[in-house]
Every structure is written in structure tokens, then in C-alpha cells.
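Please read the structure below before turning to the comments.
The values are calculated or read from the model by the stated rules, or taken from the named source; none is laboratory data. Note that the structure is predicted; figures quoted are calculated from it, not measured. Cβ coordinates were reconstructed from backbone atoms using ideal geometry, including for glycine residues, and neighbour counts include every protein chain displayed.
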Amino acid sequence: MMVAETVLEEQVVYARPASLRDVPTHYCPGCTHGVAHRLVAEVLDELGIRERTIGVSPVGCAVFAYKYFNTDGCEAAHGRAPAMATGIKRVRPDMVVFTYQGDGDLAAIGTGEIIHAATRGELFTTIFINNAIYGMTGGQMAPTTLPGQYTSSSPAGRDVETAGFPIRMAEVIAGLPGAAYVARRSLHNVKEIMKAKKAIRTAFKVQLAGLGFSMVELLSACPTNWSMSPPEAMRWIEEAMVPYYPLGDFKVAEGVEALLKER
Amino acid sequence: MARGRIEINEDNCKGCTLCTIACPQGVIVMATDHPSAKGYYPAMFVDPEGQCTGCALCAVACPDVCITVYRQVPAKTRPQEAAV
Ligand SMILES: Cc1ncc(C[n+]2csc(CCOP(=O)(O)OP(=O)(O)O)c2C)c(N)n1
Ligand code: SF4
Ligand code: SF4
Ligand code: SF4
């Protein structure tokens with residue numbers, strides 16, 4: 001008789017998700033656009049929906065997102081991704097549709113589009129990258145720029161007397177009737193990244209269940225335009241951004257509660 | 001404690017250092033002598049004492065998906081052995 005001995009075997013416990021093409025990205029070192037891409041790709045893999053997903057890319061640093069996601073994709077004019085996603089989803093309700101948008105894209109030039117898409121309860125998912133700045137164009141002030149924050153167009157710091165206060169988009173969208181799931185998470189450390197992934201998964205499940213519009217706002221680092229090293233940028237998210245942009249679920253409509261309890 | 005190891009794709013690494021901060025075992029260090037083809041000093045896995053546990057926290061932190069993580073797990077009993 002043979003006694004089974006414990007033989008150790010090497011297993012891959014983490015590898016690039018199939019939904020993310022194996023190409024280098026153009027993002028700066030430490031830019032968490034890369035983390036956000038990876039999380040979305042992991043969720044698409046885990047839900048087994050890669051083959052029927054269409055991503056809509058923004059104008060902004062993520063303009064080439066359609067080249068990075070291994071899904072179908074297209075590129076919208078600045079801020080218009082929600083309008084394009086609306087059209088795609090209505091024509092092809094069998095597809096999973098998401099927009100990936102920055103804060104200049106979603107919270108400035110495209111505010112109208114996102115508000116009305118959410119109000120109508122369009123059945124797509126929005127991944128909203130809040131890095132408190134216009135990254136692509138050289139670090140100008142965004143609607144999300146914090147009070148006192150230095151940017152290339154607010155060299156003395158954002159003056160709320162003239163520029164007003166930063167807009168909390170997750171809370172705004174959560175107030176709209178068609179929004180089924182709206183959450184804010186952060187990408188500044190491993191623990192928060194894991195929570196962000198769970199929220200992204202919930203958002204896609206809300207779409208699959210046809211419950212309404214879903215959006216996850218992600219606090220994201222722009223080390224280049226913040227003039228910080230990547231570790232400094234992560235600390236700045238935690239110490240400056242999170243206090244102004246609280247993390248949590250802002251809208252959990254009927255039917256979504258059950259999805260939250262799933263793993 | 002589980003044993004593991006990682007592979008880092010140096011060509012995609014941008015030297016951001018975030019994996020070195022995420023690793024609880026301190027077995028990732030930044031290169032200081034050889035820049036990558038892109039001109040960054042890449043992260044390197046240096047684990048002479050086999051301290052890596054394959055926890056994958058480094059891979060979760062990496063914005064450029066450079067890290068593949070392996071872990072030693074007990075192999076399933078082989079069918080021919082089970083038949084005896
Ligand atoms: C109609 C139009 N207006 C203005 C621009 C210039 N522009 C390009 S990207 C951008 C802002 C990008 O910022 P954000 O959406 O925050 O994305 P990030 O680059 O930070 O990821 C602007 C204003 C444009 N491309 N098209
Ligand atoms: S400019 Fe900022 S947002 Fe754009 S890729 Fe660089 S770090 Fe990322
Ligand atoms: S798998 Fe865990 S222990 Fe191994 S290098 Fe990565 S973070 Fe460190
Ligand atoms: S986190 Fe990724 S890109 Fe950054 S240094 Fe480590 S391996 Fe390189």
C-alpha cells in the first residue's frame with residue numbers, strides 16, 4: 001500500500017486578468033488609473049462577461065482605455081461617454097456596458113450627461129476616477145480640486161471665494177431616482193483597493209440584474225500633476241482627499257442589498 | 001507559513017515603489033544599478049531566505065500589473081496513488 005505524502009506543488013495565485021491586454025500603458029509611474037483598470041478587468045473575468053462587454057473611454061488620461069481593456073470599446077467626445085453608453089445599451093441590452101471617466105470629463109464638461117443618464121436609470125455602469133485635477137492637459141483645477149490645492153491654474157491654491165467648493169459627485173448622483181448603486185472607494189492602499197474591487201463587482205452585478213444605473217467613484221492618485229512621489233501621493237489621498245470625500249455606499253436601492261451580501 | 005515567490009516584468013515596471021511598501025516581508029527592493037529599457041529603475045525580488053509567502057499584496061498594489069505570484073500548495077493526491 002502506498003501512503004500519500006504531502007507533495008508541494010507551485011500554483012499561480014496572481015496573474016494578469018484576461019480582460020486586460022498584455023500591453024504596457026502610457027500612465028505615469030504610480031498613477032492609479034492602472035489599478036482601476038486592473039480591478040475592472042478582474043471583475044469582468046470573475047463574472048465571466050468579458051466577451052459581452054463594451055467599454056466607453058473618456059477624454060482625459062484614460063483616453064486609450066479601449067486599447068487596454070480586452071473587451072469591445074469605443075471612444076466618446078469629452079464628457080459624452082454616458083450619452084454614448086446609453087445608446088449602446090439601448091440598442092444592445094444583452095451587452096454589459098461601462099463608461100470609464102475622469103473628474104474633468106464627468107464632473108465638468110460632462111456633468112449634464114451623467115446626471116441625466118443616472119436620472120433615467122440607464123442600465124450601464126460608470127467607473128469615475130476622481131484625482132482632483134485635470135491630468136492629461138497639465139494639472140489644471142478641476143471641479144473636484146480641494147480647497148487650497150495648488151494646481152497649474154490655481155497657483156495660489158483653490159480659492160473657494162471665487163472657484164467655489166469641490167463637488168462630491170457620488171452624493172449628487174446618489175440623490176437621483178434612477179441610480180441604484182452609488183459608492184465611493186479609494187485606491188491608496190491594498191486594503192482600500194480590495195474594497196474598491198468589491199464595489200466595482202457590485203456595480204456590474206446591479207447592471208446584470210437590471211436594477212438601474214450604477215457608479216463607483218474611485219479616489220485616485222495623479223503623482224505627476226500633484227508633484228509628489230507615488231508614496232506621497234497615496235498619503236495625500238488618505239490625509240487630504242478622504243476627509244473631504246468620505247468613503248462608503250451612498251445609494252443602495254431596493255434589490256441591491258442582497259447583492260451586497262454576496263461575496 | 002506558506003512559501004511563495006514572485007516574478008516581476010521589468011519591461012513594464014515604472015519604478016513607482018508601491019510594491020515595496022505593500023510587501024509585508026520586505027523582499028522587494030528597487031534596482032539601483034540597471035535602468036530598464038524605458039529608463040526606470042525596476043523593482044526586484046530579492047528573497048535569499050525564502051520569506052515570501054505568496055500573499056499577492058504586491059500584485060494588488062502594482063498599477064502596472066507587472067507581478068505574477070506563485071505559492072506552494074499541497075498537491076492533490078495523484079489518481080494512481082489513490083487507487084492503491
Ligand atoms: C471638447 C474638449 N474640451 C476640452 C478638451 C481638453 N481636455 C482634454 S483632457 C481634459 C481634462 C481631463 O481631466 P480628467 O477628466 O480629470 O481626466 P484625467 O486626465 O485627470 O484622468 C480636457 C479639459 C478636449 N479634449 N475636448
Ligand atoms: S498625468 Fe496624472 S492621471 Fe495622467 S497618467 Fe500621469 S499620473 Fe495618471
Ligand atoms: S507575494 Fe507577498 S510576501 Fe511575496 S513579494 Fe509579494 S507582497 Fe511580498
Ligand atoms: S508596483 Fe509595479 S510598477 Fe511599481 S515598482 Fe512595483 S513592480 Fe514596478
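Looking only at the stretch A:218-236, how many residues end up being within 22 Å of A:ALA174 (Cα to Cα), within 16 Å of ligand 4 (Cβ to nearest atom) and among the hydrophobic types (A, V, I, L, M, F, W, C)? Within the stretch A:218-236, residues that are within 22 Å of A:ALA174 (Cα to Cα), within 16 Å of ligand 4 (Cβ to nearest atom) and among the hydrophobic types (A, V, I, L, M, F, W, C) number 0. Screening the candidates A:GLY30, A:GLY55, A:GLY60, A:GLY73 for the property of being more than 14 Å from chain B (Cβ to nearest Cβ), touching a residue at least 60 places away in the same chain (Cβ under 8 Å) and within 17 Å of the chain's Cα centre (by Cα) yields one hit, A:GLY60.
Would you please name the residue that is farthest from ligand 2 (Cβ to nearest atom), looking only at residues in the stretch A:131-149 that are within 15 Å of A:MET241 (Cα to Cα) and either within 14 Å of chain B (Cβ to nearest Cβ) or without any contact (Cβ under 8 Å) to a residue 12 or more places away in the chain (or both)? Per the criteria, the residue is A:GLY148.
Based on this model, can you work out whether A:VAL252 counts as free of Cβ contacts under 8 Å to residues at least 40 places away in the same chain, aliphatic (A, V, I, L, M), out of contact with any Gly (no Cβ under 6 Å at 6 or more places or on another chain) and surrounded by 17 or more Cβ atoms within 10 Å (Cβ to Cβ)? For A:VAL252, the condition - free of Cβ contacts under 8 Å to residues at least 40 places away in the same chain, aliphatic (A, V, I, L, M), out of contact with any Gly (no Cβ under 6 Å at 6 or more places or on another chain) and surrounded by 17 or more Cβ atoms within 10 Å (Cβ to Cβ) - is not met.
Take the stretch A:75-106 and flag every residue that is away from ligand 2 (no atom under 16 Å from the Cβ), crowded, with 24+ Cβ neighbours inside 10 Å and closer than 20 Å to A:ALA132 by Cα. A:ALA81, A:THR99, listed by residue number. Based on this model, can you work out whether A:GLY79 counts as modelled with pLDDT of 95 or more, more than 13 Å from the chain's Cα centre (by Cα) and at positive phi? Considered against the rule, which asks whether it is modelled with pLDDT of 95 or more, more than 13 Å from the chain's Cα centre (by Cα) and at positive phi, A:GLY79 comes out as yes. Within the stretch A:13-26, the set of residues being in contact with a helix residue (DSSP H, G or I) (Cβ under 8 Å, 6 or more places away or on another chain) and more than 7 Å from every other protein chain (Cβ to nearest Cβ) comprises A:PRO17, A:ALA18, A:SER19, A:ARG21, A:VAL23, A:HIS26. If only residues of the stretch B:1-21 that are within 11 Å of another protein chain (Cβ to nearest Cβ) and β-branched (Val, Ile, Thr) are counted, the one that is farthest from ligand 2 (Cβ to nearest atom) is B:ILE6. Taken as a whole, the stretch B:22-33 holds at least one residue that is more than 11 Å from chain A (Cβ to nearest Cβ) and modelled with pLDDT under 95. Please specify each residue of the stretch A:158-185 satisfying the condition of being under 22 Å from A:ILE115 (Cα atoms) and of a type outside the set (A, V, I, L, M). A:GLY164, A:PHE165, A:PRO166, A:ARG168, A:GLU171, A:GLY175, A:PRO177, A:GLY178, A:TYR181, A:ARG184, A:ARG185 - these are the residues of the stretch A:158-185 that are under 22 Å from A:ILE115 (Cα atoms) and of a type outside the set (A, V, I, L, M).
When the residues of the stretch A:147-191 are narrowed to those that are of a type in the set (Val, Ile, Thr) and surrounded by fewer than 24 Cβ atoms within 10 Å (Cβ to Cβ), which ends up nearest to A:GLU254 (Cα to Cα)? Only one residue fits best here, namely A:VAL172.
Condition check for A:LEU39 on (1) more than 16 Å from ligand 4 (Cβ to nearest atom); (2) buried (at least 20 other Cβ atoms within 10 Å of the Cβ): one failure, at (1).
Condition (residue is surrounded by 24 or more Cβ atoms within 10 Å (Cβ to Cβ) and touching a Cys at 6+ places or on another chain (Cβ under 6 Å)) applied to the stretch A:135-146: is it met by at least one residue? Within the stretch A:135-146, one or more residues are surrounded by 24 or more Cβ atoms within 10 Å (Cβ to Cβ) and touching a Cys at 6+ places or on another chain (Cβ under 6 Å). Tell me yes or no: at least one residue of the stretch A:12-24 is under 25 Å from A:LEU219 (Cβ atoms), among the charged types (D, E, K, R) and more than 16 Å from ligand 2 (Cβ to nearest atom). Taking every residue of the stretch A:12-24 in turn, at least one turns out to be under 25 Å from A:LEU219 (Cβ atoms), among the charged types (D, E, K, R) and more than 16 Å from ligand 2 (Cβ to nearest atom). Please identify the pairs in which a residue from the stretch A:185-207 that is within 13 Å of chain B (Cβ to nearest Cβ) and assigned to a helix (DSSP H, G or I) has its Cβ atom under 6 Å from the Cβ atom of a residue that is small (Gly, Ala, Ser) and buried (at least 20 other Cβ atoms within 10 Å of the Cβ), counting only partners at least 6 apart or on another chain. Note: pairs meeting the criteria are A:VAL190/B:ALA22; A:VAL190/B:ALA61; A:GLU192/A:SER186.
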